[in-house]
Amino acid sequence: MEKWITAILLKFPGTNCDEETERALQSVGFKTEIWPFTLVEPTRIKNVDLIVLAGGFSYGDYIMAGKLAQLNIQQKLQNSLNEFCHQGGFLLGICNGFQILMRLGLLPQGSLISNTTHRFMCQWVELNNKAQQSPFLKGLPSSFELPIAHAEGRLVTQAPKQAETYLKEGNVTLTYTQNINGSAYSIAGMQDASGQVFGLMPHPERFLYKEHHYDPDWAGDSEWGWGYYFFKGIYDHIEAM
Amino acid sequence: MAQAVLHKPSIEVSIRDKSDAELSALSSVMKLSLSVEDMKAIQIQYKNWDRDPILVELEVIAQTWSEHCKHRIFNAVIHHTSDGKQTMIDSLFNTYIKQVTQGIQAQKPGFILSAFHDNAGFIRLDDQTAVCLKAETHNHPSAIEPYAGANTGLGGVIRDILGAGKGAKPIGSLDVLCFGKPNTSPSLIKTRHVIHPLGIMRGVVRGVRDYGNRMGIPTVTGAIHFEDGYLYNPLVFCGTAGMIPTEDIDKKVVHGLKVILLGGATGRDGLHGATFSSTSLDTESHEEDQGAVQIGNPIEEKKACDCILKAREEGLIDFITDCGAGGLSSATGEMLSKTGGTLYLEEVPLKEPGLSSWEIFLSESQERMVLGIQPQHTKRLFELAGIYETQCAEIGEADNSGHLKVYHDGKKVCDLDCSFLHTSPQKTFRSHHQTKIASDIQLKPTADWGNTLKRLLKEFNVCSREPIIREYDHEVQGNTIIKPLAGALGDNPQDGSVLRVDQTEKYISLGVSLLPQYNPDPYRMGLSSVDETIRQLVVTGADPDRIALLDNFCVGNPDDPNELGKLVECIKGIADAARAYQAPFISGKDSFYNYFETDEGPESIPLTILISGIGIVENASHITGASIRQPNSKICFVGISYPETGGNACAQLTDQHGGPVPNLNPEEAIKIYRTFYKAIAQGMIRSAHDLSEGGLAVALAEMGFSLKAGLEIDLAKIPTRTTLGTGNALFSESNNRILFEVSSDYVQKITTLFQGLPFSIIGETYTNHRDLCIHENKTIIIQEKLSTLKESWKNGLLPYY
């Protein structure tokens, strides 16, 4: 019997990038389902390969972005996300999902706070690939573009030097080539020590096709955008496992 | 009337023996905004029924008959005098708007799938899918409380889409804003409590941002117009496009359907919004009418949206509409207008206890939708509401009584004959218009033409909107292909925005036009607005024969015959242009009483019309941006330039007022657009830009901001039929002109294609410099670095937002 590789998208009230993220996951081969958070049970996530926290404004993000989602996940799923990772599962957080993963403590300590511009910023950015061995990034070049859209994407750590350690120890996966939001060491994406938990502020699902690029003459690929290779990387990795 | 009386649910208000003066006083004390004629019509009806109205009934009639809900001016009899000639117009709407659409319906069968009767009009995208568009204004609330006003303005129009058909999916929004100039000296504001344009602009933009971004609907297109005329009464237009399976467009209420209220709870916010927006503003509005402004909660609406779309997919919905102006009374009143039905107000979930019957029934609390559901589907709908964490309540059912019956805690608080409720008396107005003949003027430069261009690029109505555009998430849903800022460097202005439509091979293009500077000639303003919208869609790759339009009017005081006269002429203009282009109106809205009673007299807005357009882009290869892509391309120009300087941006900058407003030759224009579309379909067009504010010089500069090449053109080569002069050649804003980039390989082919039309190759793109170089024969008129021009253009708004 054919074995499907499955990805689940958790949907909180206010999650709003779930459909395009699902489309991106499907385009690389994942079998997917979107689960409203009310339907999520600790036992249900066991047989899943990848859990995705998509972008949006969970519960409105009126108090620190991702805070209420974090509390609700902790109450409902307790340790089952950690167990899921221990058993080899992958956990991806994009934008608001990244904020939630940070708050859950599943990524190295830090917080994503208001951009130094104090604005919502919807634009394309160039990123440095700092973790080419990561399953998410191994199909991507040393620098590439993705769009961002956030008001709270500035990574800060308790001790100012902490972020430098993250860079040295390989926790930093992506940095902005130009520090647009004031993030420590221009950090745009992080992973945990195992590489199974991955969070980033940019939106790979918004650069799935070549036509998503703002420049009609973008010459990086003839059909797909960089986001496709981001999702394809993790799919191929799980398939080869 | 004492406050205590208002809270007795079933109290009767005696009107049968009241004099005209007493009726008028009653209308004003109860804030009904009903005229003496309306009050008398109500009086006669109740005399026939041999009883007095219950309080709630009067409130329901007032909301239903309000200008906001029934568009009574658009349906009025107007005795119009135009240049001394008298005509009688029986309904502007029927005569000009509806008739145009009906004519086109006959000529393009299957294109318009629904127009005017639903919350939004639908057109055909492909065999299975339809798309829709709707725009609304939220002017008065935004004047008093800019953030909340704009927030709920967008929230409201999104609900229109959710309430269109059996629940369309919102896929893109637009916002068009009219403000006073951001650098207005505070000493110019003649009255207390008026918020400075800077405060209005910042509040409104953030209001749009926080609703649109949280809903996950990309804000993809729009416009901002700055003019002193909007100092006291800003305008905020919000629009949303949606998609739906074609089979889910038709909906019907039948006997036995359960009436379900879904979404947020009901509170005291937004009482009398419909009647409030149907009168003028004054100083007291800022103090007294705060309760008429609603409070937005986008996450509440997002939850409702997720639930509704799922319920529609599962086939649970028979009927749906939104709770907007007039709240439940309007929503259920419209829903049950054909059948009748019974409602139980105690079933309505409340934000706080102690609301009286009329407060529950009229509250304009946001994020509420009314559904008609077959009894066997209610269980599953309630389950879905639980899954998506929204609230659902069964509040009544449809019957076939023809009466709207409302009970509250066992007492009957309303029992109205639907046919009476929905037939408001026809109003009568007088209007007057005199065409002013303007003679041509020759534009002269400031220091030199290069300097004029640099200054013009910095002007509020020309400069980049980037600081504001970046605050809006214009890429959520992952379908925005032509973004509001694009081109090789990602920051060039574009004309329309192009969106992929999920599960189809096709795309839609969205564009807008608003030209209040053309007020001196309202008929031509109408023509020009339609033309600019079509042009914006056509340059992005839309098929000129598959475009639908919306008309949104904002008017000052309709009781002033001159202001109403301008409106009549403008409507004639949009109707003539739309008919010639075979582009139907599928929906529209009008907003009157946009004036402010200052201490020194009334300040009206200029007559303002927003034409929004939705066009079908047949396939990906047709999508065209507005930025130069390569060196060694030919720069082509199609359309005739005239010395039409009325309302012209350069003329205003250089204080050279006067001259005729741009006219339109729609027969020639549509030929140009169809030919241009052939060129697009044959893959000949690299980029294309519409000529609008700032004319040829600004359009060239904007295309060049990709900095992919230098641009050189010869002014002497542009098609013209009169003596134009250098200034007018550079800055004329004549209609139906397009500038486009074509590979030099296609010179022969493109010239042949445009044979017989005013077409010319006016220049080339160069690899050896990045200048904008404009000659006239051998004389250099403008030579400027594109990067310098771009800096001027990018920094115009930056200090203010």
(request) Within the stretch B:608-631, count every residue that is open to solvent by 10 Å² or more (accessible area, probe 1.4 Å) and away from every other protein chain (no Cβ under 14 Å). (result) 1
(request) Among the residues of the stretch B:503-513, write down those that are more than 10 Å from chain A (Cβ to nearest Cβ) and part of a strand (DSSP E or B). (result) B:ILE508, B:SER509, B:LEU510, B:GLY511, B:VAL512, B:SER513
(message) Kindly evaluate A:ASP49 against the criterion of being of a type in the set (Asp, Glu) and either more than 14 Å from every other protein chain (Cβ to nearest Cβ) or touching a Phe, Trp or Tyr at 6+ places or on another chain (Cβ under 8 Å) (or both).
(response) yes
(message) Name the residue that is modelled with the lowest pLDDT, counting only residues in the stretch B:570-597 that are in contact with a Ser or Thr (Cβ under 7 Å, 6 or more places away or on another chain) and open to solvent by 10 Å² or more (accessible area, probe 1.4 Å).
(response) B:GLU597
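Condition check: open to solvent by 10 Å² or more (accessible area, probe 1.4 Å) and outside any strand (DSSP E or B). Does B:PRO602 satisfy that?
no
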(request) For residues that are in a helix (DSSP H, G or I) and in contact with a His (Cβ under 9 Å, 6 or more places away or on another chain), scanning just the stretch B:537-566, find the one that is most open to solvent (accessible area, probe 1.4 Å). (result) B:ASN562
(message) Take the conditions among the small types (Gly, Ala, Ser), under 20 Å from A:LEU9 (Cβ atoms) and modelled with pLDDT of 95 or more and apply them to A:ALA149. Does it pass?
(response) yes
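What tally of residues in the stretch A:92-140 results from selecting those that are in a strand (DSSP E or B), away from chain B (no Cβ under 14 Å) and open to solvent by less than 20 Å² (accessible area, probe 1.4 Å)?
Count: 5.
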(message) If the requirement is being on the phi > 0 side of the Ramachandran plot and more than 14 Å from chain B (Cβ to nearest Cβ), which of these qualifies: A:GLY29, A:GLY14?
(response) A:GLY29
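With the condition being within 14 Å of another protein chain (Cβ to nearest Cβ), open to solvent by less than 10 Å² (accessible area, probe 1.4 Å) and within 25 Å of B:GLY216 (Cα to Cα), I'd like the strands (runs of 3 or more DSSP E) fully within the stretch A:141-241 carrying at least 2 qualifying residues.
Counting at least 2 such residues, we get A:143-150.
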(message) I'm checking my understanding of the structure. Among residues of the stretch B:375-391 that are open to solvent by less than 30 Å² (accessible area, probe 1.4 Å) and within 14 Å of chain A (Cβ to nearest Cβ), which one is nearest to B:LYS302 (Cα to Cα)?
(response) B:THR390
(message) Of everything in the stretch B:207-232, what is at the interface with chain A (Cβ under 10 Å from one of its Cβ atoms), over 12 Å from B:ASP175 (Cα atoms) and either open to solvent by 10 Å² or more (accessible area, probe 1.4 Å) or in a loop (DSSP other than H, G, I, E, B) (or both)? Give them in sequence order.
(response) B:ASP210, B:ARG214, B:GLY216, B:ILE217
(request) From B:PRO516, B:PRO467, grab the single residue that is within 14 Å of chain A (Cβ to nearest Cβ) and at pLDDT 95 or above. (result) B:PRO467
(request) Mind listing whichever residues of the stretch B:692-732 are assigned to a helix (DSSP H, G or I) and acidic (Asp, Glu)? (result) B:GLU702
(message) Any residue at all in the stretch B:327-342 that's touching a residue at least 40 places away in the same chain (Cβ under 8 Å), buried (at least 19 other Cβ atoms within 10 Å of the Cβ) and closer than 14 Å to B:ALA311 by Cβ?
(response) no
(request) For the stretch B:782-801, enumerate the residues that are touching a residue at least 40 places away in the same chain (Cβ under 8 Å) and either open to solvent by 30 Å² or more (accessible area, probe 1.4 Å) or in contact with a Pro (Cβ under 9 Å, 6 or more places away or on another chain) (or both). (result) B:GLN783, B:GLU784, B:SER787, B:THR788, B:TRP793, B:LYS794, B:ASN795, B:LEU797, B:LEU798, B:TYR800, B:TYR801
(message) So, in the stretch B:481-502, exactly how many residues are more than 8 Å from chain A (Cβ to nearest Cβ), assigned to a loop (DSSP other than H, G, I, E, B) and within 21 Å of the chain's Cα centre (by Cα)?
(response) 4
(message) So in the stretch B:441-480, with the set limited to residues that are among the basic types (Lys, Arg) and not in a loop (DSSP other than H, G, I, E, B), which one is surrounded by the fewest Cβ atoms within 10 Å (Cβ to Cβ)?
(response) B:ARG455
(request) Kindly indicate the residue of the stretch A:58-81 that is more than 22 Å from A:LEU155 (Cβ to Cβ) and out of contact with any helix residue (DSSP H, G or I) (no Cβ under 6 Å at 6 or more places or on another chain) and also farthest from the other protein chains (Cβ to nearest Cβ) among those meeting that condition. (result) A:ASN79
(request) Please go through the stretch B:530-553 and pick out each residue that is touching a Phe, Trp or Tyr at 6+ places or on another chain (Cβ under 8 Å) and under 22 Å from B:PRO234 (Cβ atoms). (result) B:LEU550, B:ASP551, B:ASN552
(message) Can you tell me which condition A:THR38 does not meet? The list is (1) within 11 Å of chain B (Cβ to nearest Cβ); (2) open to solvent by 10 Å² or more (accessible area, probe 1.4 Å); (3) among the polar types (S, T, N, Q); (4) under 22 Å from A:ALA184 (Cβ atoms), and all the others hold.
(response) (4)
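The values are calculated or read from the model by the stated rules, or taken from the named source; none is laboratory data. What you are looking at is a predicted structure, and each value in this text was computed from that prediction instead of being measured. So basically every Cβ, Gly included, is an ideal-geometry build from the backbone, and we count neighbours across all protein chains shown. Note: accessible area is taken over every heavy atom of the protein model, side chains too, but ligands, DNA and RNA are not part of it. Shrake-Rupley method; radii C 1.70, N 1.55, O 1.52, S 1.80 Å.
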